[in-house]
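The values are calculated or read from the model by the stated rules, or taken from the named source; none is laboratory data. Small disclaimer: the values here were computed from a predicted structure and weren't measured. Neighbour counts are summed over all protein chains in view; Cβ atoms, including those assigned to glycine, are modelled from backbone coordinates with ideal geometry. Ligands, DNA and RNA are stripped out before the accessible areas are found, and what is left, the full protein with its side chains, is counted by its heavy atoms. Shrake-Rupley method; radii C 1.70, N 1.55, O 1.52, S 1.80 Å.
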Amino acid sequence: MNKKLTVTYRFWKKLLVLCLGLPLALLLVWVGLSSNFYLLEVCLVLFGAYVFRQFAETVSTGAVTFYPDKIVKNGWFGATAIPTHALAVKINKQDGVESLQFFHGTDKNSRESIPVAGWFLSEEHRLWLDSYRRNIYRIGDFMRAPSSNSAACVEFEKAVASFRFITILTILYLLVYVVCATYLYWHYPVFNGYAPAVLVWPIRVLFVVAALAAYPLLRLQARLPLAERNYNQRVQRGQGQALRSALLANAVAWLGLPLFLLSGNKLDFYMLLLAGGVYHRDFYPRLSDWEQLLQVAPATPAAVPIPRRSLQVSLALLGSLSLAGYAGQPGDFKIRQDCTDANGNPVECDNSHSGGHGGGSGSSYRGGSDDGHSGTRRGGFGSFGGSHGFFGG
């Protein structure tokens, strides 16, 4: 069968998303970084990154072509494809409009999936797509059970579990940042980092180089252990590679907190966090890799693999955030209190005793009223921020 169907997003709707999505993402990030409420800050920055990713994926989509044996999405960054021999679909119906996401094998296989947002399609294209999936793919309103080899699915889900476990550790790491930022907010009028000012840029370059050097290591980890003749050995090596890839990708994100403590700039923390997130997503397990590893893929050639662009994306991310943080007013992205004079008027915080080395007797200084108590605005956990006084000071 040579039947194919091509659907495209409507241009004016993509333009509308571009005009609304980018400002919304930037607004969320700016509000978070300016809030001095660090749990809210982390949530807003991550949500802003999610919004940016969603609108970027939509705007960059050119056309989606459906074949009996594969689905191909063409966009600004090239073509990606998934096979249909074990196709599953997730249907999200909102206001009577169906949005579809096609997966290879299982909905846990997020790296081999192609979403089709129904709102961006014309009514004609939506009807064609509905007819195609019912008549050609034989998929109704419920996700079809995976038809790929059960052994490959089981091992793939184990690899996914490894990545998700490391993700939980990264969430705990974010809570550590919240606690540290709260402590610094309560003990420094302006936190300029613990490293001397002259060493900040060399240290930052060293961390960025380490983050970029993780990419070739991840590529090496991603190679399949096909040389092993023994089935169990291949499975063990494949699971070990998945765990090491998860650790290495998230280790890039974990570099952010030490760099932030040395430089005092919050953008250092977030640029490495987001770079690690790019690595984590790009090297997430794929079911087709496990089918190849266990040699259970069908005889027909696989579809075009989803390309990896982690290095380019991370380089652009690291460069743009560095320029944004240091080309203008570096102090805008430092932890600082709202200091007041004896009459309650806002003044510039005096950080002369708590400079780059982070020590000195001035570290316990608090802006606020004459009795030494701070004002009502607090960082970290809001009104519960005082509970962190046990850190000292």
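Across the stretch 150-161, rounded Karplus estimates of 3J(HN,Hα) from the backbone phi angles (6.51 cos²θ - 1.76 cosθ + 1.60, θ = phi - 60°) give 5, 5, 5, 5, 5, 5, 4, 5, 5, 5, 4, 4 Hz, Gly and Pro being marked x. Evaluate E = 1/(1 + (r/R0)^6) for LYS90 and VAL198, where r is the Cβ-Cβ distance and R0 equals 56 Å; express this FRET efficiency to the nearest 0.05. With a Förster radius of 56 Å, E is 0.55. Note that the stretch 111-126 has calculated 3J(HN,Hα) couplings of 7, 10, 9, 10, x, 10, 7, x, 5, 8, 8, 6, 4, 5, 5, 5 Hz, one per residue in order, obtained from phi through the Karplus relation 6.51 cos²θ - 1.76 cosθ + 1.60 (θ = phi - 60°); glycine and proline are x. Whole-Hz Karplus values for the stretch 8-18 come out as 10, 7, 6, 4, 5, 6, 5, 5, 5, 5, 4 Hz, taken residue by residue from phi with 6.51 cos²θ - 1.76 cosθ + 1.60 and θ = phi - 60°; glycine and proline positions read x.
Given the pairs LYS14/LYS158; LYS73/LYS93; LYS93/LYS158, which are separated by over 27 angstrom at their Cα positions?
On the way: LYS14/LYS158 37 Å; LYS73/LYS93 22 Å; LYS93/LYS158 31 Å.
As for pairs spanning more than 27 Å Cα to Cα, those are LYS14/LYS158; LYS93/LYS158.
Peptides 110-118, 195-203, 256-264, 45-53 ranked from most to least packed give 256-264, 110-118, 45-53, 195-203, packing being the mean of other C-beta atoms within 10 angstrom over each peptide's residues.
Of ASP282, ASP289, the residue with the largest accessible area leads and the full order is ASP289, ASP282 (1.4 Å probe). Mean sequence separation of contacting Cα pairs (under 8 Å, at least six apart), scaled by the length of the stretch 1-105, corresponds to a relative contact order of 23 percent.
Could you tell me the calculated FRET efficiency between ARG53 and ALA161, based on Cβ-Cβ distance and R0 = 25 angstrom, to the nearest 0.05?
On the way: r = 23 Å, r/R0 = 0.93.
Approximately 0.60, to the nearest 0.05.
Using the Cβ-Cβ distance between GLU124 and ARG244 with R0 set to 56 Å, the FRET efficiency works out to roughly 0.70. Under 5 Å between amide hydrogens, built in the peptide plane, is the criterion, and for ARG286 it picks out nothing among residues at least 5 positions away or on other chains.
Would you kindly state how much longer the chain becomes between GLN236 and ASP107 on full extension, computed as 0.36 nm times their sequence separation minus their alpha carbon distance, in nm to one decimal?
Details: separation 129, 0.36 × 129 = 46.44 nm, distance 2.39 nm.
Contour length minus Cα-Cα distance gives 44.1 nm.
The alpha-carbon of LYS334 sits under 27 angstrom from the alpha-carbons of these lysines, leaving out residues fewer than 8 places away in its chain: LYS266.
In this structure the amide hydrogen of THR6, modeled in the peptide plane, comes within under 5 Å of the amide hydrogens of PHE66, none closer than 5 places in sequence on its chain. Only lysines eight or more places from LYS70 in sequence, or on another chain, were considered; those with a Cα closer than 23 Å are LYS3, LYS4, LYS90, LYS108.
Residue ranges 178-186, 85-93, 132-140 sort as 178-186, 85-93, 132-140 when ordered by packing (mean number of other C-beta atoms within 10 Å per residue, highest first). Residues whose amide H lies under 5 Å from that of ILE136, counting only those 5 or more places away or on a different chain, are absent; hydrogens are built 1.01 Å from N in the peptide plane.
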